[in-house]
Structures are given as C-alpha cells and as structure tokens.
Amino acid sequence: MLLLVIGLVVFLSIHLVPSNVELRNGLVARFGDTGYKAFFTIVSLIGFVIIVFGFHKLQLHPGKNPQLWYPPVWCRHLVVAFMLPAMIALVAAYVPSRIHTMLRHPMLVAIKIWALAHLIANGDLGSLILFGSFLAFAVYDRISLKKRGSLGPLGTKTGPAINDVIVIAGGTALYIVFLLWAHVYLIGVSPLS
C-alpha cells in the first residue's frame with residue numbers, strides 16, 4: 001500500500017505544479033522550457049511506474065488490500081462500457097479535432113471516466129485510494145484550468161474531419177488492446193473475467 005501512496009504523491013504532486021502559475025513560471029525561468037519539461041516528464045514517469053508496481057503488488061497480495069465493499073457483477077460490465085469513451089477522449093487529447101474542441105480538456109475527461117468507472121467496480125482499499133485520488137485530481141485540475149482560462153497544449157485547434165475518424169479509430173484500437181491484453185499484462189487482472 002505504501003508503494004502505491006508514494007507513487008501517487010510523486011505523480012500527482014508534479015502534476016499540481018502547472019496549476020500554480022507563479023511556481024511553474026519560476027521553474028521555467030530558472031531551468032528553461034526544455035529543462036522544466038524534461039524534469040516534469042522524468043518525475044511523472046517515475047511516479048507512474050511506482051503507481052503501477054504498487055497497485056500490481058496489491059493485486060498479488062490481497063491480504064494487504066482489504067475489501068471494503070463487494071460491488072455487484074454488473075458494475076464490471078459498466079467499466080467495460082465506460083472505457084471506450086474514456087479511450088477515445090484520451091486519444092482526442094493529442095489530436096486536434098472537433099471531439100477535442102467539444103470536450104475542451106479531453107485528458108481530464110478520460111481520467112474522470114476511467115477513475116469513476118473503476119471506483120464503481122472495485123471495492124478494495126487500494127482501488128479506493130488509486131481511483132479516488134485520480135478522480136479528485138481531475139476535478140481539481142479542471143476547476144483550476146477554467147479559472148486560469150487555459151486551453152491546454154492544443155488550444156482551440158480543431159483540424160479536418162478526418163481527425164475525428166482518427167480519434168475514434170485510435171481510441172477504439174487502444175480500448176481493444178487494453179481489453180484483450182494490456183490490462184492483464186500491466187495490472188494482472190482481466191477486465192473480461
């Protein structure tokens with residue numbers, strides 16, 4: 001459990017830096033834009049890896065991860081259904097499209113859907129900590145972005161209609177990869193079981 005918490009603190013702390021404009025600007029002024037981005041990326045990756053290992057470890061040792069409630073089976077079907085729009089939103093975060101413009105901050109939409117769906121379907125303490133932390137962060141960050149008037153890295157670029165097709169196809173492909181292979185490989189649990 002401690003490894004998961006450490007990973008969350010590292011990952012979410014570095015992601016809070018952009019919401020403090022003065023701190024972010026100070027770091028960019030001191031280390032340059034490239035230095036800031038490199039540091040941000042490295043710390044994010046370290047936090048992410050620790051989160052994955054920490055959560056995976058909890059799945060291997062259920063005695064260290066108490067079950068707080070027992071969600072009904074239909075909740076797992078709900079997660080499988082919700083993850084398709086989450087993956088499409090995730091891809092939309094990186095492709096200028098009408099879907100990106102409509103969602104405004106598609107990465108945060110993807111995180112909120114992912115976190116909420118997994119909170120509903122998992123009743124263990126590790127899941128509550130992991131998905132609850134990400135859901136709280138995504139809600140906070142969306143409010144922060146709205147106050148700052150930030151449009152994200154793609155701004156208001158919409159791109160041609162083919163980009164919407166790319167977003168949907170890419171999100172669907174990513175969904176299938178996670179459904180059939182990546183979720184079991186990374187997390188140790190099959191979403192189809």
Would you check which residues across the range 1-32 are surrounded by 14 or more Cβ atoms within 10 Å (Cβ to Cβ) and of a type in the set (S, T, N, Q) and list them?
19
Selection within the range 95-115 - without any contact (Cβ under 8 Å) to a residue 24 or more places away in the chain and over 24 Å from residue 126 (Cα atoms)
102, 103, 106
Loosely packed, with under 13 Cβ neighbours inside 10 Å and either over 22 Å from residue 10 (Cβ atoms) or hydrophobic (A, V, I, L, M, F, W, C) (or both): is that true of residue 190 in this structure?
yes
Unmet criterion (only one of (1) touching a residue at least 60 places away in the same chain (Cβ under 8 Å); (2) under 20 Å from the mean Cα position of the chain (by Cα)) for residue 64
(2)
Here is a list: 90, 108, 130, 119. Which entry is in contact with a Lys or Arg (Cβ under 9 Å, 6 or more places away or on another chain) and either under 19 Å from residue 11 (Cβ atoms) or outside any helix (DSSP H, G or I) (or both)?
108
Check whether at least one residue in the range 63-75 is assigned to a helix (DSSP H, G or I), in the same structural domain as residue 165 (by TED's automatic domain parsing) and within 18 Å of residue 117 (Cα to Cα), and report yes or no.
yes
Could you tell me which of the residues 3, 27, 12 is within 20 Å of residue 142 (Cα to Cα), of a type outside the set (Val, Ile, Thr) and either part of a helix (DSSP H, G or I) or under 17 Å from the mean Cα position of the chain (by Cα) (or both)?
12
Return the pair list, or none, for Cβ contacts closer than 7 Å from residues in the range 145-163 that are closer than 14 Å to residue 92 by Cβ to residues that are in a helix (DSSP H, G or I) and modelled with pLDDT of 80 or more, at least 6 apart or on different chains.
154/100; 156/101; 158/98; 158/101
Cβ pairs under 9 Å, 6+ apart or interchain, first in the range 169-193 and in contact (Cβ under 8 Å) with a residue 60 or more places away in the chain, second among the aromatic types (Phe, Trp, Tyr) and in a loop (DSSP other than H, G, I, E, B), ordered by first then second residue, are 170/94
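The values are calculated or read from the model by the stated rules, or taken from the named source; none is laboratory data. This structure is a prediction, so every number in the text was calculated from the model and none was measured. Ideal geometry is used to build each Cβ from the backbone, glycine not excepted, and the neighbour counts take in all protein chains shown.
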